[in-house]
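J.: Structure in structure tokens, see below.
The values are calculated or read from the model by the stated rules, or taken from the named source; none is laboratory data. Computed from a predicted model, the values in this text were never measured in an experiment. For neighbour counting, all protein chains shown are included, and Cβ atoms are generated from backbone atoms with ideal geometry for every residue, glycine included. Each accessible area value is taken on the protein alone, full model and side chains, heavy atoms only, with ligands, DNA and RNA left out. Shrake-Rupley method; radii C 1.70, N 1.55, O 1.52, S 1.80 Å.
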Amino acid sequence: MSETITKQETATREVLKIVVVGHVDHGKSTLIGRLLYDTESLPEGAIDKVKRISKETGKPFEYAYLLDAFEEEQKQGITIDTTSLQFHTKKRDYVIIDAPGHVEFLKNMISGAANAEAALLMVDAKEGIQEQSKRHGYILSLLGIRKVYVVINKMDLVDYSQERYEEIKSGMQDFLNKLHIFPLKFIPVSAVNGENIASKSDKMPWYNDQPILEAIDEFEKDKELVNKPLRFPIQDVYKFDDRRIIAGRIETGVLHVGDEIVIQPGNKSTHVKSVAYWAPRDQTDNVSAGMSVGITVEDEFFNCRGEVISHRSSQPLVGDAFDVNLFWMGKKPLTVGATYKLKLATQETMCEIAEIKHVVDTNTLGTAEDVQSVGTNGVAEVTLKTKTPVVFDLFKNNHAMGRFVLVDGYDVSGGGIVSGEAEGALVHSVFSGGGRRLEVTLFDEFFYAPEDRQVFKNVTHVSVFSEEDILPVKGKTYAYPRDFDLTDVPSGLAARVRGGKLESLLPLDEYAYAGLPVLTASGLAVRISSAEDWENYRKTAQTTGVDIVALCTKWMDFGTYHTICFGRV
Ligand code: GTP
Ligand code: MG
């Protein structure tokens with residue numbers, strides 16, 4: 001089985017879906033038109049046709065009109081739908097979505113019909129950041145799209161000014177960081193003139209990163225479903241002879257005979273005894289994501305539909321309150337205190353709307369707080385309280401376990417994604433993974449306020465970072481390498497950061513010095529350059545009653561990754 005999967009994988013090219021968002025007229029369609037043009041993905045004659053029409057009508061040539069050429073093709077029943085267009089680079093295929101009506105886009109994204117993994121957020125260099133630029137940023141955060149490039153377009157209208165680029169970059173960064181979006185790149189372009197689209201522009205020699213077509217190849221695809229932690233929601237339990245067969249579909253991960261598994265809610269532990277099969281040729285010892293299977297286990301508890309099987313080291317969350325972003329389709333408004341049936345994976349339970357935090361009007365994309373109801377087609381950030389504990393994941397970590405529908409009577413009235421555990425306001429950022437949590441302060445910023453003659457600390461980017469999450473490794477007053485190890489002796493935990501992302505959180509006992517920079521949880525560099533250093537440092541730091549100032553003086557350095565800016569917090 002695994003062999004056939006590998007074969008298929010190599011035969012099909014990787015596809016990445018990107019959505020393009022941004023304020024009206026900031027150049028979304030033009031950029032897409034240009035990308036299609038530069039990758040020679042346009043239908044034959046499209047360019048000539050648009051040229052001819054613009055000549056006939058006396059209007060200037062517009063790349064955006066090229067998208068209409070696709071629309072026409074579609075009318076003749078030849079290709080794709082209007083809003084998603086395809087092109088490819090050497091590396092892979094792309095589906096690019098020109099964010100259509102907000103309502104449709106949001107609905108499709110939340111329901112899973114459109115699964116954009118990455119986004120280009122466009123800002124007009126001349127007009128600067130507009131209301132809609134911010135709203136679209138907010139929508140991306142709502143949908144859990146974290147892989148974002150900000151494209152600063154129409155650089156030709158500002159004489160390719162680096163100063164203007166920096167100004168917009170800094171403004172967008174401030175805004176998006178508050179939403180826990182840390183853009184991976186800020187790319188200055190002129191979509192119309194093709195500057196920094198297919199090749200690096202000589203008009204902007206100060207920009208030393210990639211043009212768009214190269215940059216998008218750097219977007220990392222989400223992990224394949226089989227490589228994610230095991231999630232096996234139980235659909236049914238059948239009694240055959242004296243055996244109980246647990247049946248369901250493996251949503252993510254791999255399950256082997258002999259594995260120790262945990263069944264939640266209830267925290268029951270057992271081992272996999274066998275994988276059921278119909279014909280002997282189907283006999284197998286391991287099953288993986290996407291397969292519908294039946295298994296038997298060593299200790300037969302009274303298992304039932306709705307429970308979720310995972311491995312102990314990487315379990316889902318279990319709780320009766322969580323924060324969600326939902327799209328409401330009900331005819332009656334959704335109200336605080338109302339109860340609905342929640343369906344998540346194979347679970348069903350009643351839930352109450354505990355709090356409505358924000359409502360987004362999908363027509364204007366305006367947000368409102370202090371509201372008690374959400375109308376049809378409204379999007380809202382809501383806290384749900386369920387009658388019985390639910391097993392779930394945050395949507396960003398696991399789509400199948402982080403997506404749900406709400407049923408009012410007999411009608412599916414809303415759909416949503418789990419955005420967070422309801423746990424009150426965080427004071428510090430947290431690294432989370434493998435069932436462990438580590439409070440970190442390495443993203444705090446330090447400022448010197450001349451008027452007060454004092455140094456202040458600004459606690460920024462407060463967020464829970466899970467494994468795979470992009471980290472804000474570069475701030476205003478700090479810059480960390482993209483690969484480093486973070487060790488925290490007091491809590492006995494270590495974190496591996498690789499490629500600017502949180503790779504894993506592990507017990508210090510399992511940590512070995514890897515030759516990479518070692519930092520503390522507050523971002524201090526630890527002076528370690530060998531495994532021996534590490535052992536010495538660890539021993540000293542673990543000593544009870546250790547003099548913390550002496551420890552820091554000997555082992556740590558503030559200035560390696562930090563500076564102190566002028567300013568006032
Ligand atoms: P909506 O779909 O209406 O939200 O707009 P849009 O974001 O798709 O913008 P569109 O691509 O239609 O571009 C709007 C206008 O800006 C068009 O007249 C484009 O020719 C112009 N434009 C786009 N990119 C550039 C650019 O790089 N430089 C200049 N000077 N004009 C541009
Ligand atoms: Mg457009």
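J.: Taking into account only those residues within region 116-145 that are charged (D, E, K, R) and under 19 Å from the mean Cα position of the chain (by Cα), which is modelled with the lowest pLDDT? Can you show your working first?
T.: Here is the first cut: in region 116-145, the ones charged (D, E, K, R) are 117, 124, 126-127, 131, 134-135.
From what's left, under 19 Å from the mean Cα position of the chain (by Cα): 117, 134-135.
Working: Glu117: 89, Lys134: 84, Arg135: 79.
If we take residues in region 116-145 being charged (D, E, K, R) and under 19 Å from the mean Cα position of the chain (by Cα), then Arg135 is modelled with the lowest pLDDT.
J.: Condition first: at pLDDT below 95, in contact with a Phe, Trp or Tyr (Cβ under 8 Å, 6 or more places away or on another chain), of a type in the set (A, V, I, L, M, F, W, C) and part of a strand (DSSP E or B). Can you find one or more residues in region 264-284 that meet it?
T.: No; the residues of region 264-284 include none that is at pLDDT below 95, in contact with a Phe, Trp or Tyr (Cβ under 8 Å, 6 or more places away or on another chain), of a type in the set (A, V, I, L, M, F, W, C) and part of a strand (DSSP E or B).
J.: What are the residues in region 304-324 that are open to solvent by 10 Å² or more (accessible area, probe 1.4 Å) and either polar (S, T, N, Q) or not in a loop (DSSP other than H, G, I, E, B) (or both), if any?
T.: Arg312, Ser313, Ser314, Gln315, Leu317, Val318, Gly319, Asp320, Ala321, Asp323, listed by residue number.
J.: Would you be able to say whether some residue in region 361-372 is in contact with a His (Cβ under 9 Å, 6 or more places away or on another chain), assigned to a strand (DSSP E or B) and modelled with pLDDT of 90 or more?
T.: No - not one qualifying residue is present in region 361-372.
J.: Looking at (1) under 21 Å from Phe558 (Cα atoms); (2) assigned to a strand (DSSP E or B), which is the one condition that is false for Ser504?
T.: Of the numbered conditions (1) under 21 Å from Phe558 (Cα atoms); (2) assigned to a strand (DSSP E or B), the odd one out for Ser504 is (1).
J.: Among the numbered criteria (1) more than 20 Å from Ile212 (Cα to Cα); (2) within 14 Å of ligand 1 (Cβ to nearest atom); (3) polar (S, T, N, Q), which one does Asn177 miss?
T.: With (1) more than 20 Å from Ile212 (Cα to Cα); (2) within 14 Å of ligand 1 (Cβ to nearest atom); (3) polar (S, T, N, Q) applied to Asn177, the lone miss is (2).
J.: Then there is this: If you go through region 299-320 one residue at a time, how many are at pLDDT below 90, out of contact with any Asp or Glu (no Cβ under 7 Å at 6 or more places or on another chain) and not aromatic (Phe, Trp, Tyr)?
T.: Summing the residues that are at pLDDT below 90, out of contact with any Asp or Glu (no Cβ under 7 Å at 6 or more places or on another chain) and not aromatic (Phe, Trp, Tyr) in region 299-320 gives 9.
One line per residue, one yes/no per condition, for (1) closer than 20 Å to Ala119 by Cβ; (2) touching a residue at least 24 places away in the same chain (Cβ under 8 Å); (3) crowded, with 16+ Cβ neighbours inside 10 Å; (4) not polar (S, T, N, Q):
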{"residue": "Val24", "(1), (2), (3), (4)": "yes, yes, no, yes"}
{"residue": "Lys28", "(1), (2), (3), (4)": "yes, yes, yes, yes"}
{"residue": "Leu31", "(1), (2), (3), (4)": "yes, yes, yes, yes"}
{"residue": "Leu35", "(1), (2), (3), (4)": "yes, yes, yes, yes"}
{"residue": "Ile53", "(1), (2), (3), (4)": "no, no, no, yes"}
{"residue": "Glu56", "(1), (2), (3), (4)": "no, no, no, yes"}
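J.: Another one. Looking only at region 119-141, decide whether some residue is within 17 Å of Val24 (Cβ to Cβ), within 16 Å of ligand 2 (Cβ to nearest atom) and acidic (Asp, Glu).
T.: Yes, the conditions are met somewhere in region 119-141.
J.: Does Ser201 satisfy the condition of being within 30 Å of Lys90 (Cα to Cα) and polar (S, T, N, Q)?
T.: yes
J.: Check off (1) within 34 Å of the chain's Cα centre (by Cα); (2) more than 16 Å from ligand 2 (Cβ to nearest atom); (3) part of a helix (DSSP H, G or I) for Glu40 and give me the number that stays unchecked.
T.: Among (1) within 34 Å of the chain's Cα centre (by Cα); (2) more than 16 Å from ligand 2 (Cβ to nearest atom); (3) part of a helix (DSSP H, G or I), the lone unmet condition for Glu40 is (3).
J.: Next question. Could you please give the count of residues in region 51-67 that are away from ligand 1 (no atom under 12 Å from the Cβ) and either not charged (D, E, K, R) or not in a helix (DSSP H, G or I) (or both)?
T.: Qualifying residue count, region 51-67: 3.
Yes/no per residue for (1) assigned to a helix (DSSP H, G or I); (2) within 14 Å of ligand 1 (Cβ to nearest atom); (3) under 17 Å from Ala215 (Cβ atoms):
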| residue | (1), (2), (3) |
| --- | --- |
| Ser141 | yes, no, no |
| Ile152 | no, yes, yes |
| Asp156 | yes, yes, no |
| Met172 | yes, no, yes |
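J.: Please work out which residue is nearest to Phe87 (Cα to Cα), limiting yourself to region 180-193 and to residues that are part of a loop (DSSP other than H, G, I, E, B) and near ligand 1 (Cβ under 9 Å from one of its atoms).
T.: In this case the residue turns out to be Ala191.
J.: What residue, among those in region 473-501 that are in a loop (DSSP other than H, G, I, E, B) and among the hydroxyl-bearing types (Ser, Thr, Tyr), is most open to solvent (accessible area, probe 1.4 Å)?
T.: By that ranking, first place goes to Ser491.
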